[in-house]
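Inspection log for the structure reproduced underneath, given as structure tokens.
The values are calculated or read from the model by the stated rules, or taken from the named source; none is laboratory data. As the structure is a prediction and not an experimental result, all values here were calculated from the model. No Cβ is skipped: glycine too gets one built from the backbone with ideal geometry, and neighbour counts run over all protein chains shown. The area values use the complete protein model at the heavy-atom level, side chains included, leaving out ligands, DNA and RNA. Shrake-Rupley method; radii C 1.70, N 1.55, O 1.52, S 1.80 Å.
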Amino acid sequence: MNLLIESTLKTLQKSKSLLSFLSNEQLSDASVPPYYSSIGSHLRHILDFYECVFSASDNIVDLTERRRNPLVECDCNCANDYLDKIINNLKSFNDLEREVEVIDDLGLGKLTTKYTMSAILVQANSHTIHHYAFISYIVDGWNKIVND
């Protein structure tokens, strides 16, 4: 298996581990200031990014067209199913050098840029790690609430 795929699978395994410890209530808890976001919203956002990559048609990955299934944010089973789908897609993926056009909105409107599939998967992995920092912040906030 390719090192990029292995690394990405290892990163996503942290989501699998996290979901095994969470209740639906914890997954959807958006009580921690100052952002008031939930672990579920971050996991859904992470998985939506990958879903865009794997549902590319005509070699176009449109990151502005994410699924945004709200059930993923509040139901651990639904989140696990979505995660399993992404993991299975990664395990069977073998077209890393394929060129694609990636559409994203960087704040000034949509922009289209050429990538390889390996480049967009590197970005997806970094994006996942970035959102894990927010998730860690939420868990730390819970600990502060409990210990105060």
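Here is how the numbers come out for the structure above:
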quantity: Which listed residue is more than 11 Å from the chain's Cα centre (by Cα), farther than 24 Å from residue 7 by Cα and open to solvent by 40 Å² or more (accessible area, probe 1.4 Å), from 103, 138, 145; calculated: 145
quantity: Every pair of residues 6+ apart whose Cβ atoms lie under 8 Å, when the first sits in segment 68-81 and is without any contact (Cβ under 8 Å) to a residue 12 or more places away in the chain and among the hydrophobic types (A, V, I, L, M, F, W, C) while the second is open to solvent by less than 50 Å² (accessible area, probe 1.4 Å) and in a loop (DSSP other than H, G, I, E, B); calculated: 78/69
quantity: Number of the condition not met by residue 75 [criteria: (1) within 15 Å of the chain's Cα centre (by Cα); (2) buried (at least 17 other Cβ atoms within 10 Å of the Cβ); (3) charged (D, E, K, R)]; calculated: (1)
quantity: Within segment 11-25, tally of residues that are surrounded by 13 or more Cβ atoms within 10 Å (Cβ to Cβ), free of Cβ contacts under 8 Å to residues at least 60 places away in the same chain and assigned to a helix (DSSP H, G or I); calculated: 1
quantity: Matching entry among 82, 115, 36, 50 (being among the aromatic types (Phe, Trp, Tyr) and farther than 19 Å from residue 127 by Cα); calculated: 36
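This table checks each residue for (1) within 13 Å of the chain's Cα centre (by Cα); (2) within 19 Å of residue 78 (Cβ to Cβ); (3) surrounded by 17 or more Cβ atoms within 10 Å (Cβ to Cβ); (4) modelled with pLDDT of 95 or more.
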residue	(1), (2), (3), (4)
2	no, no, no, no
9	yes, no, no, yes
29	no, yes, yes, yes
40	yes, yes, yes, yes
50	yes, yes, yes, yes
60	no, no, no, yes
